[in-house]
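*Asks:* The structure under discussion is supplied below as structure tokens; questions concerning it will follow.
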Amino acid sequence: MAMRIVWHECKKAFKSPILIGLLLLFAAFNVFVIVDNSYFKDELKVVNQLVDKYGRHITDDSLLQFEKDLQDDLVTLKEITGQEFQSVYDFLGTLSYEDHDLYSEQDWRFIEQLQLKEMYFDMANDIDASYAMIDIQKVAEGTIAKYGLSGHAEKTLLQEYEKFSQRFEEMKQNEEHKEWFFAGKAYLMHSFLFKTVFLNMVIESLMLIILSTALITNYEFENRTQLVTYGTTRGRRLMKDKLGASVAMAALLTTAILVVTLSTYFIVFDYSNVWGTSINSAFNWEYNFPNVAWWNLSIGQFLSGAIAIVFITMLLYSGLTFTLTTFVKNSYIAAILMATFFVLALLIPGFMPTSSNLLFITSYSLSLIVLNTASSFMGSSGLIMFKNFEWMTTVCWTMITLVLCIFSLKWFNKKDIQ
């Protein structure tokens, strides 16, 4: 009986033209963004070829074999051009625009592949030197200076950086960073997926969930049927079913957005041989500091963790929206208030004193965790670099949401429904 009522409540959202229209629009937009940025997808196949030929781990032996194969490729380049070069870049440096027609399309494909291989070979050889230059203590001092931290806040962050320093040395000893992945500084694949694509999915899912939850919760009041509906045998217990329906719709809408978007992404970009690569790979280094996680997570595990964070957070936002709409009997006002809550959660840490741990405590918010999926589980993520950030945030807000939902249900049981 209860499941049938929940399904009936869900159908109210399914029948909403606005909700369905937005879902289709968001899905189409995400597909467009991915396809529009796929102009370099063929270049990424080189990494899968490297993993196939030399294995996922970068070792002295595999690099030596790689170098020998590059020498063989340079011999082939000599046969194509009639000249001997120490590097494909030497050849490219001698070219003029008119020289392009001297070589066939097949020749150019070979030359482009050789150029990419040399780029990856040079990057692999620079890994040890690049990581040897990193001083975590200086990174900590730079972060403190950047945010103007002092007092308890400075002490807390320094303690966390001490732990991170140990983790960083452990990562180097385990050679987690010596695994093949797409060149970070060239393609920014980590940022594109976990910042651009995930950010789109988060904002879209949040909008759909707030609208669907407000619609389900306020349906009777907005259609003036509350006296009939809540006057039945089931009566006000129907609100529990509405909560279940709201959460179910949140799960379905988030799943729909995730499935369509991520399926498109991984059809366009081939990750077939790099799922097991560590997220700490030196090739995943995109900006000033490399991506270094608190754990040795593979690309697949990191993606699963990011999806879990988004999914859990969306369910919690559904519960929070349900609580709000129990009190505010206007879907549009409820949506605006939830948007305000989302933005305020982002802004509040900026108003905290930089000498107090309140700066960090207020950062444990749903808004920050869901907008920073690219930095999830990372020790290289600024003021939210704490090892317990993800699980502590989700656990605390789950408890808060449960308490608020229970309170709102009890309050509604005593409320005048006129």
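*Asks:* Could you tell me, in Å, what Rg and Dmax come out for the Cα atoms of the range 58-133?
*Replies:* For the range 58-133, the Cα radius of gyration and maximum Cα-Cα distance read 14.3, 45 Å.
*Asks:* How large, in Å, is the chain by the Kirkwood hydrodynamic radius built from its alpha-carbon pairs? Kindly include the intermediate steps, with their values, before the conclusion.
*Replies:* Details: mean 1/r = 0.0405 Å⁻¹.
Result for the chain stands at 24.7 Å.
*Asks:* Which one of GLY305, THR321, ILE58 has its Cα pushed farthest toward the positive end of the charge dipole of the chain, where Lys and Arg give +1 and Asp and Glu give -1 at the Cβ?
*Replies:* Towards the positive end, the residue furthest out is THR321.
*Asks:* As I understand it, the value is the acute angle between the Cα axis of helix 45-54 and the longest principal axis of the Cα atoms of the chain; what does it come to in degrees, rounded to 10?
*Replies:* Value to nearest ten degrees: 60.
*Asks:* Treating the angle as unsigned and between 0 and 90°, give the value, to the nearest 10°, between the Cα long axis of helix 60-81 and the longest Cα principal axis of the chain.
*Replies:* Compared with the principal axis, the helix lies near 60 degrees.
*Asks:* Got the relative contact order for the range 58-133 handy, in percent, Cα pairs under 8 Å and 6 or more residues apart?
*Replies:* Rounded, it is 35 percent for the range 58-133.
*Asks:* Among GLN49, GLN301, GLN86, whose mean-square fluctuation peaks in a Gaussian network model of the chain (Cα, cutoff 10 Å)?
*Replies:* GLN86
*Asks:* Something else: If you put +1 on each Lys and Arg Cβ and -1 on each Asp and Glu Cβ, how big is the dipole of the range 17-88 around its Cα centre, in Debye rounded to 20?
*Replies:* Values: 6 positive and 12 negative charges, 85 e Å.
Charge dipole, the range 17-88, about its Cα centre: 400 debye, nearest 20.
*Asks:* What value does the range 257-371 have for Rg/Rh, both radii from Cα atoms and Rh as Kirkwood defines it? Working shown, then result.
*Replies:* Numbers: Rg = 18.4 Å, Rh = 17.3 Å.
Rounded to two decimals, Rg/Rh equals 1.06.
*Asks:* Who wins for biggest fluctuation among ILE18, ILE309, ILE209 in a Gaussian network model of the chain, springs between alpha carbons below 10 Å?
*Replies:* ILE18
*Asks:* Here's something else I'd like to know. For the chain, modelled as a GNM with alpha-carbon contacts under 10 angstrom, which of LEU188, LEU252, LEU95 fluctuates the most?
*Replies:* LEU95
*Asks:* Note the angle between two axes, namely the Cα long axis of helix 17-36 and the longest principal axis of the Cα atoms of the chain, as a number of degrees from 0 to 90, rounded to the nearest 10.
*Replies:* With both axes taken from Cα atoms, the answer is about 10 degrees.
*Asks:* Determine the relative contact order of the chain: mean sequence separation of Cα pairs under 8 Å and six or more apart, normalised by residue count, in whole percent. Kindly include the intermediate steps, with their values, before the conclusion.
*Replies:* Values: 447 pairs, mean separation 95.5, N = 418.
Normalised by residue count, the contact order of the chain is 23 percent.
*Asks:* Given the -39500 (n - 2.57) contribution per DSSP H run of 4+ residues, what per-residue ellipticity at 222 nm results for the chain, rounded to the nearest 500 deg cm²/dmol? Mind dumping the intermediate values first?
*Replies:* Working: 18 runs with 280 residues, N = 418.
Estimated from H runs of four or more residues: -22000 deg cm²/dmol.
*Asks:* Taking 2.2 N^0.38 Å as the expected size of a compact globular protein, what ratio does the Cα radius of gyration of the range 1-114 give against it, to two decimals? Walk me through the numbers on the way to the answer.
*Replies:* Values: Rg = 26.1 Å, N = 114, 2.2 N^0.38 = 13.3 Å.
It is 1.96.
*Asks:* Give the long-range amide H neighbours of SER356: residues separated by 5 or more places, or on another chain, with amide H under 5 Å away, using H modelled in the peptide plane at 1.01 Å from N.
*Replies:* Hits under the 5 Å cutoff: ALA153.
*Asks:* Okay, next question. About the Cα centre of the range 87-212, what is the dipole size in debye to 20, counting +1 per Lys and Arg Cβ and -1 per Asp and Glu Cβ, all else neutral? List each step's numbers first, then the result.
*Replies:* Values: 11 positive and 22 negative charges, 169 e Å.
About 820 debye.
*Asks:* Could you go through the range 143-160 in sequence order and give the Karplus-derived ³J(HN,Hα) for each residue, using 6.51 cos²θ - 1.76 cosθ + 1.60 with θ = phi - 60°, rounded to whole Hz, and x for Gly and Pro?
*Replies:* 5, 4, 5, 4, 9, x, 6, 7, x, 4, 5, 5, 4, 4, 5, 4, 5, 5
Each value in this text was obtained by applying a stated rule to the coordinates, not by laboratory testing. Since this is a predicted model, take the numbers as computed values, not measurements. Cβ sites come from the backbone with ideal geometry, for glycine too, and all protein chains shown count toward neighbours.
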